[in-house]
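Worksheet for the structure shown next.
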Amino acid sequence: MSIQIAPSILSADYANLESELHRITEADWVHVDVMDNHFVPNLTWGLPVVERIAQVSPLPLDTHLMIDNADRWAPQYAEAGSHSVTFHAEATQAPVRLARELRRQGARAGIALRPATGIEPYLDLLPEFDMVLIMTVEPGFGGQSFIESMVHKIRRTRAAIDANQLDVWVQVDGGISEKTIDQAADAGANVFVAGSAVFNAEDIPAQITTLRSLAQDHYCAHSSRPSAGHNEPHPPHHVK
Ligand code: DX5
Ligand code: ZN
């Protein structure tokens, strides 16, 4: 399971999104935060903008829906060209049905948990998902501090995935930087969202390389994951 770096364009320059996308080509994904001002107290963009980003992005879209009524809206974000669509557990009535629909559309299906939502009710459902997103801040804004108590949830999630020999990615989002990525990787996360840590860096490609190498070192250091080698190739950008 390789390390994936997904810069969040929540911290990009919204007036120049296309050129911002070309500054992060060292990464594996572009993380696109959709907020509706209901599920979270912030508003970003909707379907037409995401569709346009998908058309011009050199990287596949990792779309993170922080919106109510995910059952109704999430499939449209797959249709808009997202290679991965993550909806919140707290915003769906039927997570299995929704994940199956996203996969049927050819997208990867992710389920996200707010800090106060436990992984335990979802453990039996893990085979239905391609990714679990463990929020390491309260969703809604960039630039917040990593909530260290989430490390235990990351560890329990990875342990359940490994115990069942599942190929499910564990993503962390919120406060990920060169100071915190080691803890998340050591606990078993392999997909790292970083907004402010990437877009506020002076040298963005170098920052992405630094984050990737810190994550690799700490993910591989975990004894139960001997196969996660440094030389593992990155997956093709177009995974759909
Ligand atoms: C926050 C978003 C994040 C945000 C992370 O709710 O889901 O993707 O961009 O920003 P940083 O990396 O600055 O904490
Ligand atoms: Zn996000």
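The values are calculated or read from the model by the stated rules, or taken from the named source; none is laboratory data. Quick caveat: nothing in here was measured; it's all calculated off a predicted structure. Virtual Cβ from ideal backbone geometry, glycine too; neighbours counted across all protein chains shown. These area figures cover heavy atoms from the full protein model, side chains too; ligands, DNA and RNA do not enter into them. Shrake-Rupley method; radii C 1.70, N 1.55, O 1.52, S 1.80 Å.
Look at the range 198-219: where a residue is in a helix (DSSP H, G or I), no partner that is buried (at least 19 other Cβ atoms within 10 Å of the Cβ) and at pLDDT below 95 sits 6+ places away or on another chain with Cβ atoms under 8 Å.
Yes/no per residue for (1) more than 13 Å from ligand 2 (Cβ to nearest atom); (2) closer than 13 Å to PHE39 by Cβ:
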residue: THR63; (1), (2): no, no
residue: ALA74; (1), (2): yes, yes
residue: GLU79; (1), (2): yes, no
residue: SER84; (1), (2): no, no
residue: ARG103; (1), (2): yes, no
residue: PRO121; (1), (2): yes, no
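Within the range 181-204, the set of residues being open to solvent by less than 30 Å² (accessible area, probe 1.4 Å) and more than 15 Å from ligand 2 (Cβ to nearest atom) comprises ILE181, ALA185, ALA187, GLY188, ASN190, ALA201, ILE204.
Are any residues in the range 76-90 within 17 Å of the chain's Cα centre (by Cα) and either buried (at least 17 other Cβ atoms within 10 Å of the Cβ) or without any contact (Cβ under 8 Å) to a residue 12 or more places away in the chain (or both), and if so, which ones? Residues satisfying the conditions are TYR77, ALA78, GLY81, SER82, HIS83, SER84, VAL85, THR86, PHE87, HIS88, ALA89. Does GLY110 meet the test of being at positive phi, at pLDDT 95 or above, touching a strand residue (DSSP E or B) at 6+ places or on another chain (Cβ under 7 Å) and buried (at least 20 other Cβ atoms within 10 Å of the Cβ)? The answer is no for GLY110. With respect to ASP62, determine if the residue is under 18 Å from VAL137 (Cβ atoms) and either open to solvent by 10 Å² or more (accessible area, probe 1.4 Å) or part of a strand (DSSP E or B) (or both). When the stated conditions are applied, ASP62 passes them.
Residues in the range 122-165 that are without any contact (Cβ under 8 Å) to a residue 60 or more places away in the chain and within 19 Å of ARG108 (Cα to Cα): 16 in all.
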